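**Q** Take a look at this one; I'll ask things after.
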Amino acid sequence: GLTGIRREGGTLVIGAMTRMAEVERSPEVAVAAPLAAEAIGLVAHVPVRNSGTVGGSLAHADPAAELPAVVLALDGELVAAGPGGTRTIAAADFFTGPYSTALEPDEILTEVRLPVWPGGHAFTEFSRIHANFAVVAVAALVDADGDRVRRASVALAGMGPTPLRAPSAEQALQGTSGDAAAIRAAAAAAVADLSPVGDLHASAETRLTVAQAYLRRGLELAVARARIER
């Protein structure tokens, strides 16, 4: 009972034990949450996606993993069950630190609920070797109203102890035409709020430089797709 993909009105529901490969290939996900399908295509290799589950990745809460950033960008909800019953946890409250979540010791994750986003999407990431965890990853969503950006949502992985939202970038892009100057300004605003820690994979300075470049790429693609959707 912990597997499966279904649509409930404006929400896509994915069982926690659903294999990543199923989500990646699902026609329903391609329509309702294409950001998730695109991100999963960058997770490791096909054999890993054939075995790894959506809930496993989220409960593991690696700060460089793709799916936590996707769920955060989509304002998703995670449903947990334990002896006391079930409860729903907002993605913004679910990730509490590296490999740490709001799940209690006697709870399990049962499903993920993703609101359907009507506009454009993009998931971009940089890793030193293909299929490695990302040094920096960007999940971007843009909803256009005519020639203006009505709203935007941006989340990053690899830039802190948890996946991070970039509200400054979202606010900087909202109401603009989504042109190159607006996207550059949004990427710069996001980076100004970040304080990553350097490690063996990249220094803090490198992460900030890469993040700004991949934010631009992600937002450009999300804006272009939003215009096609319109």
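The values are calculated or read from the model by the stated rules, or taken from the named source; none is laboratory data. Computed from a prediction, not measured in an experiment: that's the story for all the values here. When we count neighbours, we look across all protein chains shown, and the Cβ atoms used for this are built from the backbone with ideal geometry, even at glycine. Surface areas here come from the heavy atoms of the whole protein model, side chains and all, with no ligands, DNA or RNA. Shrake-Rupley method; radii C 1.70, N 1.55, O 1.52, S 1.80 Å.
**Q** Filter the stretch 183-214 down to the residues that are over 20 Å from the mean Cα position of the chain (by Cα) and charged (D, E, K, R), then identify the one that is farthest from A226 (Cα to Cα).
**A** Looking at the filtered set, the residue picked out is D199.
**Q** Conditions: (1) among the small types (G, A, S); (2) at pLDDT 95 or above; (3) in contact with a strand residue (DSSP E or B) (Cβ under 6 Å, 6 or more places away or on another chain); (4) crowded, with 17+ Cβ neighbours inside 10 Å. A36 meets all but one. Number of the miss?
**A** That leaves (3) as the condition not met.
**Q** Mind counting the residues in the stretch 50-80 that are of a type in the set (A, V, I, L, M) and part of a helix (DSSP H, G or I)?
**A** Number of matching residues: 9.
**Q** For G198, work out the one condition from (1) farther than 13 Å from L215 by Cβ; (2) surrounded by 24 or more Cβ atoms within 10 Å (Cβ to Cβ); (3) of a type outside the set (D, E, K, R) it doesn't fulfil.
**A** (2)
**Q** One residue is enough: does the stretch 215-228 have a residue meeting the conditions under 19 Å from F133 (Cα atoms), crowded, with 23+ Cβ neighbours inside 10 Å and either out of contact with any Pro (no Cβ under 8 Å at 6 or more places or on another chain) or not hydrophobic (A, V, I, L, M, F, W, C) (or both)?
**A** yes
**Q** Within the stretch 188-220, which residues are over 17 Å from R151 (Cβ atoms) and of a type in the set (A, V, I, L, M)?
**A** A188, V191, A192, L194, V197, L200, A202, A204, L208, V210, A211, A213
**Q** Could you list all residues from the stretch 191-230 that are more than 16 Å from G158 (Cβ to Cβ) and either assigned to a loop (DSSP other than H, G, I, E, B) or among the β-branched types (V, I, T) (or both)?
**A** Within the stretch 191-230, V223, I228, R230 qualify.
**Q** Still on this structure, I have one more. Given the conditions (1) under 16 Å from the mean Cα position of the chain (by Cα); (2) open to solvent by 30 Å² or more (accessible area, probe 1.4 Å); (3) within 23 Å of A64 (Cα to Cα); (4) not polar (S, T, N, Q), report the number of the one that A137 does not fulfil.
**A** Going through the list (1) under 16 Å from the mean Cα position of the chain (by Cα); (2) open to solvent by 30 Å² or more (accessible area, probe 1.4 Å); (3) within 23 Å of A64 (Cα to Cα); (4) not polar (S, T, N, Q), A137 breaks only (2).
**Q** Moving on. Select the strands (runs of 3 or more DSSP E) contained entirely in the stretch 81-169, then report the ones holding at least 2 residues which are touching a residue at least 40 places away in the same chain (Cβ under 8 Å) and of a type in the set (A, V, I, L, M).
**A** Answer list for the stretch 81-169: 108-115, 136-145, 148-157.
**Q** Counting just the residues of the stretch 67-121 that are closer than 21 Å to T3 by Cβ and open to solvent by 70 Å² or more (accessible area, probe 1.4 Å), which one comes out nearest to the chain's Cα centre (by Cα)?
**A** Checked the stretch 67-121; the qualifying residue nearest to the chain's Cα centre (by Cα) is E77.
**Q** Can I ask one more? Working only within the stretch 12-24, note down all residues that are over 17 Å from G41 (Cα atoms) and open to solvent by 30 Å² or more (accessible area, probe 1.4 Å).
**A** Let us first name the residues in the stretch 12-24 that are over 17 Å from G41 (Cα atoms), namely 12-13, 15-17.
Within the stretch 12-24, just M17 meets the criteria.
**Q** Being within 29 Å of S168 (Cα to Cα), open to solvent by less than 30 Å² (accessible area, probe 1.4 Å) and in contact (Cβ under 8 Å) with a residue 12 or more places away in the chain: is that true of A64 here?
**A** On the way: within 29 Å of S168 (Cα to Cα): yes; open to solvent by less than 30 Å² (accessible area, probe 1.4 Å): yes; in contact (Cβ under 8 Å) with a residue 12 or more places away in the chain: yes.
Against the criterion (within 29 Å of S168 (Cα to Cα), open to solvent by less than 30 Å² (accessible area, probe 1.4 Å) and in contact (Cβ under 8 Å) with a residue 12 or more places away in the chain), A64 qualifies.
**Q** Another question, if that's okay. Pick out the one residue from V43, V29, V13 that is assigned to a helix (DSSP H, G or I), under 16 Å from the mean Cα position of the chain (by Cα) and touching a residue at least 12 places away in the same chain (Cβ under 8 Å).
**A** Going through V43, V29, V13 in turn, just one is assigned to a helix (DSSP H, G or I), under 16 Å from the mean Cα position of the chain (by Cα) and touching a residue at least 12 places away in the same chain (Cβ under 8 Å): V29.
**Q** Next question. Hey, could you check the stretch 155-195 for residues that are buried (at least 18 other Cβ atoms within 10 Å of the Cβ) and of a type in the set (S, T, N, Q) and say which is nearest to P63 (Cα to Cα)?
**A** Checked the stretch 155-195; the qualifying residue nearest to P63 (Cα to Cα) is T162.
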